[in-house]
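**Q** Following this message is one structure expressed as structure tokens.
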Amino acid sequence: MAAAERYLPQWETGELPEAPQFRLHQLRTLIGPGLLMVGATIGGGEWMFGPIVTARYGGAVMWIAAVSVAFQVVFNLSVMRYALYTGEPIFVGLLRTFPGPKFWIVFYLIADSGYIWPYVASNAAVPVAAAWLGRLPGPQDDSLVRALGYVIFLSCFIPLIFGGKVYTAVERFMTAKVVFVFGFLLVVDVFLVSWDSWWAVLSGFAKVGVLPEGDVDWATLAAFAAVAGVGGLSNTLFSNYARDKGWGMGSLVGAIPSLVGGNKIALSPVGKVFKMTPENLERWNGWLGYIRRDQLWIWGLGSLIGMALPAMMSLEFLRGVEVDGHAAAAMTARGIADQHGDVFWYLTLLCGFVVLGVGFIQTLDGIVRRWTDVLWSASGHLRSKTGGVQNIYYGVLFTYCLWGLLALRLTPNPLVLAIVSSVCGNVGLGVSGVHTLYVNRKLMPRELRLPWYMQLGLVGAFIFFLGISGIALRQYLGGAGY
């Protein structure tokens, strides 16, 4: 334990609670970080890059999404194991390693910088504007789209203020999003999409290593890899949500309370670990089964479905069309409405808004939560001055609100920004993967460490995500004449 105490306070000790018994008739037990993050999976990236990739390459590169999701499952299980053992999110574990919190905070702030731009709120304004205008918005409608972007951006703050635990509010919205979006896409794909489009997408998942003929835009493919699943440092949130859900030792440390209705909830700045007794190790195995089910059967499978369903629809109705990423949701709505009636214009626009607008609630919480947990655990001075973790959370939230309003005015082309952000996210995910491997081997007891194949998986994730972004960077520099 000495290594863990070098930079942050010593862990406290406690008894590992037993994992709840899983029963199929208890659907509530299925709602964990996996289902919540499935809601995040069908986000701006899928509705931006899905249409672009399928319109350009068909289903031939869907294997990139499958490989990305597989590596992310390994990463997610690894960070959740740390949270089960310590009650801390993985980011706090990363700060416990050499050369200490100051270095790693700066490093990961840089790695996370691309995701602080609220371009998803800008994208969410497009389907709303299209529904209002009855057509795709053009340059003459920029002021309307921008104003709607401000309204959507500010409205996403409201759910994070009420409800006891912030996690609970986000979970409810993401669960509703999953039910509506999956339901709508399933109906469209089953009844309106041809078998050829189904086969092109589903077979594409298995064509590992196959690339389309002709020129390949590697920046777009790197972004496609980044948005498959969750991507970037957002994957670290599985450990935060496992803690706030009360899984493993997380039930002993508390959660981030809402500003309204959460005053009785507290969060310890220091994690709690358990002793290596036979009883605790048996309970540990129960929790491992819990997170495997959450990741393999809910998040992993849900992420692949979440990539496949929009891709099938885009391939069917936008085949051969040059897609503007900023208006992808509205262009998809126009394509399906032209063939099957105006009712699908409004339904698809509504679905696009739910994907982008409601999804931004989780994006917003994720950005604020990551850095709230870092500040709460790493700075005793800040803890003493603020009086509670909720004050840090809402201080960061308010700061981001001010930044977001400015950023919406300054935001460049959302598609270009999304590509750059996603490529940077690949670097953050790859590096944090091998960093998590180091945390696992350095700070966790031998009995709880990752099996060898998961350790190889983290190394593989590092190679895959940095490799595809490196190819994209090389192509860009070559095209620029460097």
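**Q** Based on the mean of other Cβ atoms within 10 Å per residue, sort peptides 457-464, 95-102 so the most packed one is first.
**A** The peptides rank, most packed first, as 457-464, 95-102.
**Q** If amide hydrogens are placed 1.01 Å from N in the peptide plane, which non-local residues have theirs closer than 5 Å to the one on residue 273?
**A** 12, 13, 14
**Q** Under a 5 Å amide H to amide H cut-off, with H placed in plane at 1.01 Å, what residues pair with residue 267 once short-range neighbours are removed?
**A** For residue 267, the qualifying residues are 255, 389.
**Q** To continue, here is another question. In this model, which of 245/442; 207/442; 102/245; 272/385; 177/275; 102/275 are farther than 32 Å apart at the alpha-carbon?
**A** 207/442; 177/275
**Q** Subtracting the Cα-Cα distance from 0.36 nm times the residue separation, let me have the gained length for residue 110 to residue 136 in nm, one decimal.
**A** Between residue 110 and residue 136, full extension yields an extra 5.8 nm.
**Q** Students often check this: by mean Cβ neighbours within 10 Å, which of 442-448, 69-75, 210-216 ranks highest, and how do the rest follow?
**A** 69-75, 442-448, 210-216
**Q** Could you give the nm distance between label points at residue 175 and residue 297, where each point is 7 Å from its Cα heading toward the beta carbon?
**A** Result for the modelled spin labels: 1.8 nm.
**Q** If you plug each phi of segment 83-99 into the Karplus form 6.51 cos²θ - 1.76 cosθ + 1.60 with θ = phi - 60°, what whole-Hz ³J(HN,Hα) values come out, in order, with x for Gly and Pro?
**A** 5, 4, 7, 10, x, 10, x, 4, 4, 5, x, 4, 5, 7, 9, 4, x
**Q** Quick one: Karplus J couplings for segment 201-214, per residue in order, coefficients 6.51, -1.76, 1.60, θ = phi - 60°, nearest Hz, x for Gly and Pro?
**A** Those phi angles translate into 6, 5, 5, x, 4, 9, 8, 5, x, 7, 10, x, 6, x Hz.
**Q** Could you compute the net charge surrounding residue 345? Neighbours are other residues with a C-beta less than 11 Å from the C-beta of residue 345; K and R count +1, D and E count -1.
**A** Charge balance near residue 345 sits at 0.
**Q** Over segment 3-479, what is the relative contact order in whole percent, taking alpha-carbon pairs under 8 Å and six or more residues apart?
**A** Relative contact order for segment 3-479 comes out at 35 percent.
**Q** Multiply the residue separation of residue 285 and residue 203 by 0.36 nm, subtract the distance between their alpha-carbon atoms, and state the gained length in nm to one decimal.
**A** 26.0 nm
**Q** Out of [x] 147; [y] 167; [z] 127, which label holds the value of volume of the Cα convex hull per residue in Å³ that was computed here?
**A** Answer by label: [x].
**Q** If Lys and Arg each add +1 and Asp and Glu each add -1, what is the summed charge of the other residues whose beta carbon sits under 12 Å from the beta carbon of residue 109?
**A** Working: positive: 102, 370; negative: 112.
Overall, the nearby charge balance is +1.
Every read-out reported here was derived from the displayed coordinates using simple, explicitly stated rules and does not represent laboratory data. Since the model is a prediction, treat every value here as computed from it, not as a measurement. No Cβ is skipped: glycine too gets one built from the backbone with ideal geometry, and neighbour counts run over all protein chains shown.
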